[in-house]
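J.: Provided herewith is a single structure, encoded as structure tokens, for subsequent inquiry.
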Amino acid sequence: MSLLDKILHQPSYGWSDKDGNLVVPTFKQLYAEAFSRINIFKSRKNWITLISWLMAVCMLPFFFFFITRYFSFGLLGIFLLYSMIIMSTHGTIWFHRYCTHRAYTFSHPVWRFFTQNLVLRTFPEEIYVISHHVHHAKSDKPGDPYNSRAGLMYCMLSDVNHQSINRELTEEEYAKTANMLSHTGVVRNSYRQYQRWGSVASPYYTVALWLFNWSFWYSMFYLIGGHALACTLFSGAMFWFVLVRAFNYTGHGKGKEQHVDGIDFDRRNLSINQTRPGLFSGEWHNNHHLYPSSARAGFLPFQIDLAWIYIYVMYKLGAVSSYRDSKKDFLRKYVEPAAAK
């Protein structure tokens with residue numbers, strides 16, 4: 001058994017049955033698992049799953065004031081811009097291409113910290129990064145933490161139900177797991193602290209960075225546009241935070257094969273290149289599964305990649321010291337042979 005086979009905390013309903021088939025839990029099982037996983041009174045090790053939902057709950061008052069006091073069509077446009085493009089693109093830049101796949105490197109930690117906090121924080125890096133390695137190893141198979149074949153709610157609740165790490169790792173296994181976050185700047189627990197908290201990330205660091213980030217950005221938004229703008233953008237962050245989970249379902253064809261010839265070249269999994277996520281955040285997902293460590297995923301002429309544009313501009317400014325770009329290899333292996341037929 002490899003580390004990725006056991007690195008995640010298996011849900012009570014399991015990944016697969018005795019015959020190796022995917023377990024598709026009922027809504028009742030999914031919600032029972034979710035509320036069990038955020039119960040801090042049951043175990044302090046639930047802190048990291050609790051904080052994921054707590055951030056969303058803490059954004060609700062901002063959303064209430066946005067709707068009841070400050071709403072206008074102009075602010076609605078800003079809301080959509082921040083949630084659908086800015087937050088979404090940042091997720092691709094930071095969580096996806098840097099934290100998980102190390103597709104580029106920063107020239108100095110200050111640029112890493114700048115990029116990390118470029119938008120409002122919504123969940124700890126650990127929740128995304130470690131489970132995403134498993135997703136690539138087991139795409140659309142039992143053990144994939146957001147397996148689209150198991151349905152929409154399986155994906156929507158995956159952050160609490162399927163993405164926290166195994167709490168019974170050996171010291172050697174934990175060291176390898178913690179190393180997955182070694183480049184991110186996240187303050188990591190020692191093995192003894194992991195045994196107490198059940199996570200790689202230090203809870204003190206996680207909470208302190210959350211408070212700093214929110215305090216800074218509320219102050220900036222208030223100085224620019226008062227409470228109205230601040231409530232609008234916090235609401236936009238919440239909107240993205242909730243709906244991004246649906247991408248794990250739609251980005252893999254809603255559990256069905258929906259590949260398009262000439263667009264989706266990786267047929268090893270159900271991932272597809274969708275226009276809206278691609279244009280809005282550089283998430284050309286089928287391309288990404290072909291070349292997960294590439295800092296660019298928009299390979300075809302119409303595939304605008306905003307995340308790549310940020311990375312490349314940062315490279316030209318000296319903030320990014322190196323990157324991997326697989327476009328030439330993609331064209332050579334997939335586009336040129338098709339054009340020659």
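The values are calculated or read from the model by the stated rules, or taken from the named source; none is laboratory data. Quick caveat, the model's predicted, so the values are computed rather than measured. Backbone-built Cβ (ideal geometry, glycine too); neighbour counts: all protein chains shown.
J.: Can you find a residue that is in contact with a His (Cβ under 8 Å, 6 or more places away or on another chain), closer than 30 Å to Leu290 by Cα and among the acidic types (Asp, Glu) anywhere in the stretch 148-161?
T.: The answer is no, given that none of the residues of the stretch 148-161 is in contact with a His (Cβ under 8 Å, 6 or more places away or on another chain), closer than 30 Å to Leu290 by Cα and among the acidic types (Asp, Glu).
J.: Can you pull out every residue in the stretch 36-55 that is farther than 18 Å from Glu126 by Cβ and in contact with a helix residue (DSSP H, G or I) (Cβ under 9 Å, 6 or more places away or on another chain)?
T.: Kept after step one, since they are farther than 18 Å from Glu126 by Cβ, are these residues of the stretch 36-55: 36, 39, 41-42.
Hits for the stretch 36-55 are Ser36, Asn39, Lys42.
J.: Another question, if that's okay. Are any of the residues in the stretch 211-223 over 30 Å from Gln193 (Cα atoms), buried (at least 21 other Cβ atoms within 10 Å of the Cβ) and in contact (Cβ under 8 Å) with a residue 24 or more places away in the chain?
T.: no
J.: Are any of the residues in the stretch 56-68 modelled with pLDDT under 95 and touching a helix residue (DSSP H, G or I) at 6+ places or on another chain (Cβ under 7 Å)?
T.: Scanning the stretch 56-68 turns up at least one residue that is modelled with pLDDT under 95 and touching a helix residue (DSSP H, G or I) at 6+ places or on another chain (Cβ under 7 Å).
J.: Is it true that Thr206 is β-branched (Val, Ile, Thr), in contact with a Leu (Cβ under 6 Å, 6 or more places away or on another chain) and in a helix (DSSP H, G or I)?
T.: On the way: β-branched (Val, Ile, Thr): yes; in contact with a Leu (Cβ under 6 Å, 6 or more places away or on another chain): no; in a helix (DSSP H, G or I): yes.
No.
J.: Restricting attention to helices (runs of 4 or more DSSP H) lying wholly within the stretch 27-89, give those where 1 or more residues are out of contact with any strand residue (DSSP E or B) (no Cβ under 9 Å at 6 or more places or on another chain), without any contact (Cβ under 8 Å) to a residue 24 or more places away in the chain and polar (S, T, N, Q).
T.: Details: elements: 27-37, 47-65, 73-81.
Those helices (runs of 4 or more DSSP H) span 27-37.
J.: Quick check: is even one residue across the stretch 1-20 in a helix (DSSP H, G or I) and over 28 Å from Glu283 (Cβ atoms)? Before the answer, list the steps.
T.: Keep residues of the stretch 1-20 that are in a helix (DSSP H, G or I), which gives 3-6.
Restricting the remaining residues to those that are over 28 Å from Glu283 (Cβ atoms) gives 6.
Looking for residues that are in a helix (DSSP H, G or I) and over 28 Å from Glu283 (Cβ atoms), one finds at least one in the stretch 1-20, hence yes.
J.: For the condition touching a strand residue (DSSP E or B) at 6+ places or on another chain (Cβ under 6 Å) and at pLDDT 95 or above, what is the one hit in Ala295, Ala307? Outline the logic, then answer.
T.: Values: Ala307 fails: touching a strand residue (DSSP E or B) at 6+ places or on another chain (Cβ under 6 Å).
After ruling out the rest, the residue left standing is Ala295.
J.: Out of the stretch 135-153, which residues are surrounded by 22 or more Cβ atoms within 10 Å (Cβ to Cβ), at pLDDT 95 or above and either out of contact with any Leu (no Cβ under 8 Å at 6 or more places or on another chain) or in a helix (DSSP H, G or I) (or both)? Show your work before the answer.
T.: From the stretch 135-153, those surrounded by 22 or more Cβ atoms within 10 Å (Cβ to Cβ) are 135, 144-148, 150; that's our starting set.
Adding the requirement that they be at pLDDT 95 or above leaves 135, 144-145, 147-148, 150.
Answer for the stretch 135-153, where residues must be surrounded by 22 or more Cβ atoms within 10 Å (Cβ to Cβ), at pLDDT 95 or above and either out of contact with any Leu (no Cβ under 8 Å at 6 or more places or on another chain) or in a helix (DSSP H, G or I) (or both): His135, Asp144, Ser148, Ala150.
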